[in-house]
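This report concerns only the one structure given below.
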Amino acid sequence: MNTEEISLEIEFEEIGKGSAMIIKRMPPILEDDSPVSADLLLELLAKRGVNTGVDEEALRYYVNLAKETGKVWVNLMIAQGEPAIPRGKPVLKINVPVDCEPSNRIRWGFLSNYMASGDFNTEISLLSKSILLHEGQVFATVLPTTEQKMGKTIYGKETSPARVRYHEWEAGENVHYDEKKQIFSAGCCGYLFLRENIVGIKEALVLSENDMKILFINLPRTNPAELPDEKEMESFARKRSLPDDVLLTDELMQLPSFQHIIVASGSLPGESKDAKIKLISSIENTIGVEDEHGKIDWKECEVFHNVSEGEVLAEKQLPQQGKAGINLFGKIISARLPKDVPFTPGGGTRSETDEEAGIMRVYAVEDGILEYKNNILSVFSVMNIRGNVDYSTGHIKTKANVNVQGDIQAGFNVETSRNLIVSGTIEDNCKVKAGGGIQVMGGIIGEETVVECKGDLIAKYVEMCNVKVDGLMTIQRYIRGAKCLIKGNLTVFGHGINLNERGALVDAEIKISGSVFIPVVGSDAGLKSSIWFGHNEALARKIARREKTLKGLHDKIQILNDQFDEVDITASDIYRKMQQIPALTKEKVIQAIQEKNSLDKKITMMQEILDKELAERIKMLESSRVNISKKIIPDLVLHCDDMQLTIDTIEAPSMFYFNLKSRLIERSSYLHTQ
């Protein structure tokens, strides 16, 4: 881009027939994205014929300022001619240290514009340092010239005083002028500026817009150690009807430039706290879990969120209004009103408020499913699945009741601490576990399917699966090819697999502590079923362990007794016979008796427990029955207390029981009672 094109972007303006030159408009970057440089500006000025009074330092300062701020700067004086002064005309002489003469309109113009801007918070380097004056200080004198002085334009042309209009210096804001003495004095503590022919002072103490602070504007200055004195601060406060006791006169300290010094300060209102909701329990859904090999199991989902009784679900930071403040005039300033957030603890929850901390905590009052909807946080005791347990739900594991309004599809698991209702079918390869009861409106099928419940089980049919029930098991139609372990009673109401097959229990293996009530066993296909009644594996294991422990304790007593040939430590008259044995042997016998007594206590305690367990077993054997109300179709094998009875012929309705006296499985006519 040539200089003619650049001069269209950078606008220059001549003032007063060559007395000065300003840059009317200076962007930081030109249209071709090249930055403005001082050398470029000097070249443009030279082409305009400007060869006198160019302030290169000021020019470079303004260029750097434009680059730093990225702004377009306007009306920047960068060249000034030498003014012509007639003989006898008054000129201004400043009596304090300054960086430049009063006639330097470039430097004083910068300070004047800076003071007029009022922007003293932005830290920038100043073209000229400011001059701090104190109230009453005489800082300038007006003296007449003794000689006439020729001037010169920015183009190097001389100018005559006779052709120059001369303006005398006048007092501006915060400045007093004594005409007799022809001196200027400061009307307040402030910074000196010269604008055209006006001498003014910008007050160094300011009252903030919110009436909260009095600040000393701490600018780079020729006398950096100077600060306002106590009288000046009191004068400033008095003019504004502020009490003297708000001033911090003993606390003024030197700070770096642009870090303004607090002279007085009110009390700002405290910060108000808006309400906030923090959910402790997660409500985010997860779909699929990646294993260590990078494979994703899409059955591992979390679309229902389980919580436990007493668990903290959420915390609400209550809205708190800050403490009121007070300004320098004593006016109370209220803190802003905090914003509240709609939030309601719903069903299945309780809330507690910590007044001191300003927090409301929400707890679950029961195990269940968490839901946060329409700003209401609730815990439901029932997990309602409106459809199947499939890839949309993933495996289910919860402490809530579960209501599946469809099937549990193949390969999916359901585990609950409470009750489970399934409107459809439990399919193959499912693992279903309930801490309460299970009710299946359809059937339970599949060789790989395992169903366990601590309560009762109700189903339409059970086929080819493994079932463990701690309560009662009730089947509407049939059990086929299944293995069932039942602590309560088993009742089958149905008429068989279909209209042609009459069996209600076919090719099944039943192990039960209670009784069996069933219409038909077997089918026309001749498949064998087995029933272990009066069966309790856990109780049998406990009795076996107890008997083994007792035998071990008796064996230890026998070992102790075998040490001595002279006496039997288990005899009732052992203490009388001890008088006849040597003292050394007697001491060993006493020690053995003490050990034997300790073992006897353990045997007594263990025997009491064993007796209770044996009584429980006998009661179970007495009450356990197999009731077949219509027909037995071979083969049926009955087991009870290590005894077995095989029925290989068609039999009429029968009831089978275990005779404790004969230790045999016996048969009687079927009784229509349960």
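The values are calculated or read from the model by the stated rules, or taken from the named source; none is laboratory data. Since we're looking at a predicted model, the values are computed, not measured. Methodologically, a virtual Cβ is constructed for each residue, glycine included, from the backbone with ideal geometry; neighbour enumeration extends over all protein chains shown. Surface areas here come from the heavy atoms of the whole protein model, side chains and all, with no ligands, DNA or RNA. Shrake-Rupley method; radii C 1.70, N 1.55, O 1.52, S 1.80 Å.
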Check your understanding: How many residues, within the range 300-332, are open to solvent by less than 60 Å² (accessible area, probe 1.4 Å), modelled with pLDDT under 90 and more than 30 Å from Thr349 (Cα to Cα)?
Key -> 3
Review point. What are the residues in the range 515-559 that are at pLDDT below 85 and either open to solvent by 20 Å² or more (accessible area, probe 1.4 Å) or touching a His at 6+ places or on another chain (Cβ under 9 Å) (or both), if any?
Key: Asp524, Ala525, Gly526, Leu527
Review point. Would you pick out the residues in the range 324-355 that are assigned to a loop (DSSP other than H, G, I, E, B) and among the small types (Gly, Ala, Ser)?
Key: Ala324, Gly330, Ser334, Ala335, Gly346, Gly347, Gly348
Review point. On the given criteria, is Thr604 within 30 Å of Leu560 (Cα to Cα) and surrounded by fewer than 14 Cβ atoms within 10 Å (Cβ to Cβ)?
Key: yes
Review point. Is it fair to say Leu610 is touching a strand residue (DSSP E or B) at 6+ places or on another chain (Cβ under 7 Å) and surrounded by 12 or more Cβ atoms within 10 Å (Cβ to Cβ)?
Key: no
Practice item. Can you tell me which residue within the range 56-91, out of those that are more than 60 Å from the chain's Cα centre (by Cα) and under 18 Å from Ala20 (Cβ atoms), is surrounded by the fewest Cβ atoms within 10 Å (Cβ to Cβ)? Key: Glu82
Check your understanding: Within the set of pairs 6+ apart or on separate chains, which have a first residue in the range 17-31 that is closer than 17 Å to Leu45 by Cβ, a second that is charged (D, E, K, R) and part of a loop (DSSP other than H, G, I, E, B), and C-beta atoms under 8 Å apart?
Key -> Gly18/Lys157; Met21/Arg48
Practice item. Go through the residues of the range 254-263 one by one and say whether even a single one is closer than 30 Å to Ala335 by Cβ, surrounded by 16 or more Cβ atoms within 10 Å (Cβ to Cβ), at pLDDT 85 or above and of a type in the set (Val, Ile, Thr). Key: no
Exercise for review: Identify all residues within the range 1-46 that are at pLDDT 85 or above, under 60 Å from the mean Cα position of the chain (by Cα), in a helix (DSSP H, G or I) and surrounded by fewer than 15 Cβ atoms within 10 Å (Cβ to Cβ); write none if there are none.
Suggested key: Asp39
**Study point:** Matching entry among Lys373, Lys331 (being free of Cβ contacts under 8 Å to residues at least 24 places away in the same chain and over 30 Å from Lys431 (Cα atoms))
**Key:** Lys373
Review point. Does Ala583 satisfy the condition of being among the aliphatic types (A, V, I, L, M), open to solvent by 30 Å² or more (accessible area, probe 1.4 Å) and within 60 Å of the chain's Cα centre (by Cα)?
Key: no
**Study point:** Members of the range 390-440 found to be closer than 20 Å to Asn466 by Cα, assigned to a strand (DSSP E or B) and among the β-branched types (Val, Ile, Thr), listed by number
**Key:** Ile396, Ile408, Val414, Thr416, Ile421, Val422, Ile426, Val432, Ile438, Val440
Review point. Which one of these is assigned to a strand (DSSP E or B), within 30 Å of Ile326 (Cα to Cα) and either touching a residue at least 40 places away in the same chain (Cβ under 8 Å) or not β-branched (Val, Ile, Thr) (or both): Ile201, Ile214?
Key: Ile214
Review point. Would you say Phe493 is touching a Lys or Arg at 6+ places or on another chain (Cβ under 8 Å) and within 28 Å of Ile531 (Cα to Cα)?
Key: yes
Study note, to complete from the structure: Of the residues in the range 148-182, those that are modelled with pLDDT of 85 or more, open to solvent by 100 Å² or more (accessible area, probe 1.4 Å) and either out of contact with any strand residue (DSSP E or B) (no Cβ under 7 Å at 6 or more places or on another chain) or assigned to a helix (DSSP H, G or I) (or both) come to Lys157, Glu179, Lys180, Lys181
Review point. Name the residues in the range 585-616 that are modelled with pLDDT of 90 or more and of a type in the set (Ser, Thr, Tyr), would you?
Key: Ser598, Thr604
Point to revise | Matching residues, the range 217-252, being closer than 25 Å to Tyr114 by Cβ, hydrophobic (A, V, I, L, M, F, W, C), open to solvent by less than 20 Å² (accessible area, probe 1.4 Å) and assigned to a loop (DSSP other than H, G, I, E, B) | key: Ile217, Leu219
Exercise for review: Filter the range 523-541 down to residues that are out of contact with any Leu (no Cβ under 9 Å at 6 or more places or on another chain) and assigned to a helix (DSSP H, G or I), then give me how many there are.
Suggested key: 4
